[in-house]
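Novice: Take a look at the following structure, please.
The values are calculated or read from the model by the stated rules, or taken from the named source; none is laboratory data. These figures come from a predicted structure and were not determined experimentally. A quick note on method: Cβ atoms are made from the backbone with ideal geometry, for glycine too, and the neighbour counts reach across all protein chains shown. Accessible surface is based on the protein model in full, side chains and every heavy atom, while ligands, DNA and RNA are left aside. Shrake-Rupley method; radii C 1.70, N 1.55, O 1.52, S 1.80 Å.
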Amino acid sequence: MQASLPPVPVPPARSLPLWRAIKVARGNTLAVIPAQAFEVPVFDQSSAILGRSFLVSDPEGVKRVLLDEVANYPKSEFQNRIFAAAFGDGILTSGGETWKAHRRLMAPAFDPRSVEAHAPMMAATARAFVDGWRPGETIDVAQAMAELSLKIIARAMFSGAGDDLGPRMDQTLRAMDVILADFGLIDVVPGVRGLRWRARERRIAAGFAVFDSWIAELIGSRRAAPAGGDLLDRLIAARDPETGLGLSDRQVRDQLVTIFVAGHETTAVVLAWTWYLLSQNPEAEARLHAELDASPGAPPAYARQVVEEAMRIFPPVPRIPLRRAAADDVICGVQIPKGAYVCVAPWVIHRHRSLWKDPERFDPGRFAGERPARFSYLPFGAGPRGCIGASLALTEVAIVLTEVARRYRLKLAPGQVVAMKPRMTLRPLGRIGMELVARAA
Ligand code: HEM
């Protein structure tokens with residue numbers, strides 16, 4: 001008998017009192033978002049903790065924040081501080097001219113030609129990984145997908161240097177996860193947050209010590225001998241057109257860590273949820289298998305639809321990094337005062353009553369024909385700060401899904417309870433035990 005709980009929380013009818021919100025958010029930060037937020041264009045979520053704060057879900061409003069008036073909505077300092085403890089001044093956290101120059105520098109590593117060139121490596125890496133599995137065994141699919149995606153990103157971006165870095169990176173991320181696990185609403189209370197954050201930053205730096213010493217060695221050896229033009233070589237070779245100066249070791253390290261973390265954690269999360277969703281939706285699973293069997297080459301169209309629908313239901317980044325209004329503005333008729341926090345949450349937009357029919361239902365067919373309306377589906381964010389790795393990620397996830405599903409059906413282990421643990425990404429809580437059922441070879 002399969003016993004699984006649906007992992008999506010039912011939103012409370014109205015905003016919870018503060019003490020209750022702190023308690024609920026400790027388990028699931030998304031469970032405090034009230035039902036009304038899923039119905040209105042702009043939800044005023046101002047509170048004694050955050051001050052003025054708005055959740056913008058209307059597509060025109062989202063477009064205004066992320067694209068049309070993007071200069072008025074820089075990433076909030078507070079949010080950046082959380083990221084900077086681990087990623088320093090990498091492109092996820094930097095702003096202004098530094099960000100612009102670094103984004104330009106890194107963009108070619110993510111263009112369609114580069115992504116296409118990685119496809120055979122991705123498929124081969126996934127196949128070799130699955131070779132290590134045995135029919136009938138139970139694996140933790142969250143852990144397995146994290147290992148596999150770390151391998152792939154290391155090979156794609158750093159010519160495999162990460163093959164030996166990978167396990168250390170993983171240890172580091174687990175350490176960081178433990179540090180962030182006790183992060184709660186209390187940590188955003190002005191006054192308290194400064195103190196708590198200084199302590200946390202010290203622990204994050206300590207957690208990264210082993211990884212950082214590896215990175216330092218890697219950068220040193222690459223400065224001496226480039227590997228043939230991968231992202232790391234590009235970062236090392238880059239020169240400022242005006243000053244002629246290159247990136248310091250610290251700057252290279254910050255980009256490297258950013259790409260490792262942003263590039264593997266999110267894809268691992270999508271894959272874990274995709275397997276879970278397929279296991280709960282036998283019709284979609286059967287259709288995927290039928291299309292795979294009919295097309296032995298590249299991933300069939302349905303694989304991509306499954307992935308897109310999985311990212312709608314479980315967006316790997318449930319809240320896009322917080323923005324802060326630099327000047328007064330009006331969004332969908334709502335006054336946004338200077339200094340207010342503005343949040344765009346794919347978690348809410350992807351379930352918004354005005355945008356999606358029957359949003360809790362898993363239906364890859366939604367992505368079969370026309371694309372969803374612009375700014376109503378944004379797992380990768382949008383605008384100039386949108387995800388640099390979106391097409392790499394989509395290619396990778398569809399390939400991994402295809403290579404694994406050709407060989408195995410993943411069945412939720414008996415008694416396995418599945419729950420979410422949303423932090424910066426929408427990780428599952430603990431392991432997701434799944435049994436490997438061999439498909440015809
Ligand atoms: C399914 C997988 C992925 C998802 C859902 C995802 C999602 C996102 C989101 C929501 C943002 C923030 C957008 C914003 O603040 O407006 C972002 C930014 C970013 N992502 Fe991804 N991402 C994924 C995979 C990747 C991969 C594979 C890489 C690199 C190899 C990557 C690198 C980055 C970087 C560097 C940024 C910061 C961009 C900037 O600020 O200029 N991501 N991603």
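Novice: Kindly indicate whether any position in the stretch 397-406 is open to solvent by less than 20 Å² (accessible area, probe 1.4 Å) and within 10 Å of the ligand (Cβ to nearest atom). Steps first, please.
Specialist: To start, the set of residues in the stretch 397-406 that are open to solvent by less than 20 Å² (accessible area, probe 1.4 Å) comprises 397-402, 404-405.
Subsequent filtering for residues that are within 10 Å of the ligand (Cβ to nearest atom) retains 397.
Yes, the conditions are met somewhere in the stretch 397-406.
Novice: Of everything in the stretch 256-297 that's among the hydroxyl-bearing types (Ser, Thr, Tyr) and under 23 Å from the mean Cα position of the chain (by Cα), which residue is surrounded by the most Cβ atoms within 10 Å (Cβ to Cβ)? Don't jump to the end; show me each part of the working.
Specialist: Narrowing the stretch 256-297 to residues among the hydroxyl-bearing types (Ser, Thr, Tyr): 258, 266-267, 274, 276, 279, 295.
Then keep just the ones that are under 23 Å from the mean Cα position of the chain (by Cα); that gives 258, 266-267, 274, 276, 279.
Numbers: 258: 23, 266: 24, 267: 25, 274: 28, 276: 24, 279: 22.
Out of the qualifying residues, it is 274.
Novice: Scan the stretch 20-29 and tell me whether some residue there is within 12 Å of the ligand (Cβ to nearest atom), of a type outside the set (Asp, Glu) and either open to solvent by 40 Å² or more (accessible area, probe 1.4 Å) or closer than 30 Å to residue 412 by Cα (or both). Can you show your working first?
Specialist: First, the residues of the stretch 20-29 that are within 12 Å of the ligand (Cβ to nearest atom): none.
Taking every residue of the stretch 20-29 in turn, none turns out to be within 12 Å of the ligand (Cβ to nearest atom), of a type outside the set (Asp, Glu) and either open to solvent by 40 Å² or more (accessible area, probe 1.4 Å) or closer than 30 Å to residue 412 by Cα (or both).
Novice: Can we say residue 91 is part of a helix (DSSP H, G or I) and within 18 Å of the chain's Cα centre (by Cα)? Give the steps one after another, and end with the answer.
Specialist: Working: part of a helix (DSSP H, G or I): no; within 18 Å of the chain's Cα centre (by Cα): yes.
In short, no.
Novice: Let me ask you something else. What residue, among those in the stretch 237-255 that are open to solvent by 20 Å² or more (accessible area, probe 1.4 Å) and in a helix (DSSP H, G or I), is nearest to the ligand (Cβ to nearest atom)? Even if it seems obvious, please write down each step before you answer.
Specialist: Pass one, the stretch 237-255, residues open to solvent by 20 Å² or more (accessible area, probe 1.4 Å): 237, 239-251.
Filter again for in a helix (DSSP H, G or I), leaving 237, 249-251.
Details: 237: 19, 249: 19, 250: 17, 251: 14 Å.
That would be 251.
Novice: Sticking with this one: Between 376, 391, which is open to solvent by 20 Å² or more (accessible area, probe 1.4 Å) and among the polar types (S, T, N, Q)?
Specialist: 391
Novice: In addition: Given the condition open to solvent by 10 Å² or more (accessible area, probe 1.4 Å) and at positive phi, answer yes or no: does some residue in the stretch 304-311 qualify?
Specialist: no
Novice: Select from the stretch 371-382 the residues that are more than 11 Å from the ligand (Cβ to nearest atom) and either part of a helix (DSSP H, G or I) or on the phi > 0 side of the Ramachandran plot (or both) and list them in ascending order. Outline the logic, then answer.
Specialist: Applying the first criterion (more than 11 Å from the ligand (Cβ to nearest atom)) to the stretch 371-382 yields 371-377.
375 - this is the single residue of the stretch 371-382 that is more than 11 Å from the ligand (Cβ to nearest atom) and either part of a helix (DSSP H, G or I) or on the phi > 0 side of the Ramachandran plot (or both).
Novice: Which members of the stretch 45-78 meet the condition of being part of a helix (DSSP H, G or I), open to solvent by 30 Å² or more (accessible area, probe 1.4 Å) and within 11 Å of the ligand (Cβ to nearest atom)?
Specialist: 67, 70
Novice: Applying the selection to the stretch 223-235, what residues are closer than 22 Å to residue 117 by Cα and in a helix (DSSP H, G or I)?
Specialist: The first filter runs over the stretch 223-235 and keeps only residues closer than 22 Å to residue 117 by Cα, leaving 226-235.
Once the filter is applied, which keeps residues that are closer than 22 Å to residue 117 by Cα and in a helix (DSSP H, G or I), the stretch 223-235 yields 231, 232, 233, 234, 235.
Novice: Let me ask something else. Any chance the stretch 304-327 includes a residue that's more than 17 Å from the chain's Cα centre (by Cα), over 30 Å from residue 130 (Cβ atoms), more than 9 Å from the ligand (Cβ to nearest atom) and free of Cβ contacts under 8 Å to residues at least 24 places away in the same chain?
Specialist: No; the residues of the stretch 304-327 include none that is more than 17 Å from the chain's Cα centre (by Cα), over 30 Å from residue 130 (Cβ atoms), more than 9 Å from the ligand (Cβ to nearest atom) and free of Cβ contacts under 8 Å to residues at least 24 places away in the same chain.
Novice: Pairs under 8 Å by beta carbon, first residue acidic (Asp, Glu) in the stretch 66-84, partner away from the ligand (no atom under 14 Å from the Cβ) and outside any helix (DSSP H, G or I), six or more apart or different chains?
Specialist: That search, which allows pairs on different chains as well, returns 69/329.
Novice: Of all the residues that make up the stretch 312-360, how many are open to solvent by 50 Å² or more (accessible area, probe 1.4 Å), farther than 15 Å from residue 378 by Cβ and not aliphatic (A, V, I, L, M)?
Specialist: The total comes to 11.
Novice: Continuing with the same structure: Output the number of the condition that residue 436 fails; it satisfies all remaining conditions of (1) touching a helix residue (DSSP H, G or I) at 6+ places or on another chain (Cβ under 8 Å); (2) open to solvent by less than 30 Å² (accessible area, probe 1.4 Å); (3) not polar (S, T, N, Q).
Specialist: (1)
Novice: Exactly one condition in (1) modelled with pLDDT under 85; (2) touching a helix residue (DSSP H, G or I) at 6+ places or on another chain (Cβ under 7 Å); (3) farther than 25 Å from residue 78 by Cβ is false for residue 245; which is it?
Specialist: Residue 245 satisfies all of (1) modelled with pLDDT under 85; (2) touching a helix residue (DSSP H, G or I) at 6+ places or on another chain (Cβ under 7 Å); (3) farther than 25 Å from residue 78 by Cβ except (2).
Novice: Now for a different question. Among the residues in the stretch 161-176, are any assigned to a loop (DSSP other than H, G, I, E, B), open to solvent by 40 Å² or more (accessible area, probe 1.4 Å) and at pLDDT below 80? Don't jump to the end; show me each part of the working.
Specialist: Keep residues of the stretch 161-176 that are assigned to a loop (DSSP other than H, G, I, E, B), which gives 161.
From the residues that got through so far, the ones that are open to solvent by 40 Å² or more (accessible area, probe 1.4 Å) too are none.
Checked the stretch 161-176: no residue is assigned to a loop (DSSP other than H, G, I, E, B), open to solvent by 40 Å² or more (accessible area, probe 1.4 Å) and at pLDDT below 80.
Novice: Name, by its number, the condition in (1) β-branched (Val, Ile, Thr); (2) modelled with pLDDT under 90; (3) touching an Asp or Glu at 6+ places or on another chain (Cβ under 6 Å) that does not hold for residue 138.
Specialist: The failed condition is (2).
Novice: Any idea which of 409, 385, 427 is within 16 Å of the ligand (Cβ to nearest atom), open to solvent by 20 Å² or more (accessible area, probe 1.4 Å) and in a strand (DSSP E or B)? Outline the logic, then answer.
Specialist: Details: 409 fails: within 16 Å of the ligand (Cβ to nearest atom); 385 fails: in a strand (DSSP E or B).
Sole residue among the options that is within 16 Å of the ligand (Cβ to nearest atom), open to solvent by 20 Å² or more (accessible area, probe 1.4 Å) and in a strand (DSSP E or B): 427.
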